[in-house]
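K.L.:
Pasting a structure here, questions to come.
Bear in mind these aren't lab numbers, they're just calculated from the coordinates by the rules spelled out. This one's a predicted model, so the numbers in the text were calculated from it and none came from an experiment. Glycine gets a Cβ as well: all are built from the backbone with ideal geometry, and neighbour counts include every protein chain shown.
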Amino acid sequence: MKPNFSLPPAFTSRPATLADAEAVASLLNRCSMEWVGAPETSAQDILSFWTNPMMNLERDTLLILDEDQQVVAYGEMYDSPPHVRLYLYGRVHPEWKGKGLGTALIQWGLARAALALESAPAEARVVVHQYLPSQAVDGAQLLERSGFRHIRNSYQMRIEFNTPPQPAIFPEGIQVRPVNLEQDLEALIHAHKQTFKDHWGYVETPMEEALKDWRHWIETDPHVDPALWFVAMNGGEIAGYCLCSTGTEEDPQLGWINLLGVRREWRKHGLGLALLLHGFHALYQRGFYRIGLGVDASNLTGATRLYQRAGMHVHREYHLFEYEMRPGKDYLTQTIEGHEHEKAAAE
């Protein structure tokens, strides 16, 4: 069953194919340049996402084409088990704004999201989320007119070094080493799942799907380097981790911290800060003197304050919009269970 939506006259639509990656990357970068003055992605990034085991191009993507068969708008939906939170992503070429293409993308997205209702647990609340840069005012207004609510913000934070970062001091009993993917991957994913249970919006994903997702990321992301993935060990257990990567499409000289987490029982002892500084050092030694990461602006575990204390600043802001497809039991983390008033859990 295909989602129903209406297109303005003179436009056609179809799902994306792998051959469309260059055209879609060009469209997304045109939008990103309009908003933040920098490119957003590459064809390789697009192909990595499109070949994710959770994606089905026929079902989960939409291209809108003009009379010359040029891509002028693009939509995608990311939907993974247990199908309670879906991510909608839509972009319209700046020169084609005001023609109803954004509305068509939203109609398509909500119709596609409706297909997930049968797969979600019967009692579950099901929502659609979409992020937009804070500069995308027209897009935000369109989402709100379509029934979305602005519910949260996130930041891209950065730091720049003219001298080496301050040294990392780890708590007693903690040893840090690079990740051994062959031996550590499942334990690392388990630690990540435990850590991110305390992050707003977390949804539990079955280990089988998580393993597929991570293996695909490792195999297809050119910036993944296990030598820059670190685990903090307490005996034989992973207490925390810091996973870094080299460069971004926007800035090849920008080191990036993909994921940083500390399991609850090892928090509030300085491990989060130590792992962050360890990541800074590793990237600095590789010649990356500018380093960035993404974070929920109201992070439940206090990560934003941790990054600020380490000298990072907000470089860019994104707004999260939500559309409720169905009310019910909320499967998304809203508070830290048993620690609702804990404000520095990542430290």
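K.L.:
Give a quick list of GluC sites (Glu not before Pro) in region 101-194 that DSSP marks as loop, anything other than H, G, I, E or B, with at most 10 other Cβ atoms within 10 Å. Don't skip to the answer; put the middle values down first.
P.N.:
On the way: sites: Glu118, Glu123, Glu144, Glu160, Glu172, Glu182, Glu186; in loops: Glu123, Glu172.
Filter output for region 101-194: Glu123, Glu172.
K.L.:
On a C-alpha basis, how far is the centre of region 36-68 from the centre of region 164-241 in Å? Whole number, if you could?
P.N.:
Computed from Cα coordinates, the inter-centre distance equals 27 Å.
K.L.:
In addition: What is the helix-to-structure angle for 181-196, meaning the angle in degrees between its Cα long axis and the longest Cα principal axis of the chain, kept from 0 to 90 and rounded to the nearest 10?
P.N.:
Roughly 80 degrees between the two axes.
K.L.:
Hey, what did region 157-316 get for relative contact order, percent, Cα under 8 Å, at least 6 apart? Walk me through the numbers on the way to the answer.
P.N.:
Values: 247 pairs, mean separation 51.7, N = 160.
That works out to 32 percent.
K.L.:
Restricting to region 12-147, what percent of DSSP beta bridges are antiparallel, rounded to 5?
P.N.:
Working: 14 of 17 bridges.
Close to 80 percent.
K.L.:
Give the shape of region 157-316 as rounded, prolate or oblate, defined through the alpha-carbon gyration tensor: a ≥ b ≥ c are the square roots of its eigenvalues, a/c under 1.5 means rounded, and otherwise the shape is prolate if a/b is larger than b/c and oblate if not. Could you put the intermediate results ahead of the total?
P.N.:
Details: a/c = 1.33, a/b = 1.18, b/c = 1.13.
Rounded shape, in that the Cα axes give a/c under 1.5.
K.L.:
Take the Cα pairs of region 90-203, get the Kirkwood Rh, then feed it into Stokes-Einstein at 20 °C and 1.002 mPa s and tell me D in µm²/s.
P.N.:
Values: Rh = 19.2 Å.
The estimated diffusion coefficient comes to 111 µm²/s.
K.L.:
Compute the orientation-averaged projected area for region 12-147 from the convex hull of its Cα atoms and round it to one decimal in nm².
P.N.:
Values: hull surface 32.8 nm².
Averaging across all directions leaves 8.2 nm² for the Cα convex hull.
K.L.:
Using the Kirkwood radius over Cα pairs, work out the Stokes-Einstein diffusion coefficient for region 209-304 at 20 °C and 1.002 mPa s, in µm²/s as a whole number. Present the calculation step by step, with values, prior to reporting the outcome.
P.N.:
On the way: Rh = 14.3 Å.
My calculation gives 150 µm²/s for D.
K.L.:
Any chance you could give the angle, 0 to 90 degrees and rounded to 10, that helix 207-220 forms with the longest Cα principal axis of the chain?
P.N.:
Between the helix axis and the principal axis of the chain, the angle is about 90 degrees.
K.L.:
Rounded to whole Å and ordered largest first, report the semi-axes of the equivalent ellipsoid of the chain derived from its Cα gyration tensor (root of 5λ). Before the final figure, lay out the partial values.
P.N.:
Details: eigenvalues 247, 105, 72 Å².
Value: 35, 23, 19 Å, ordered largest first.
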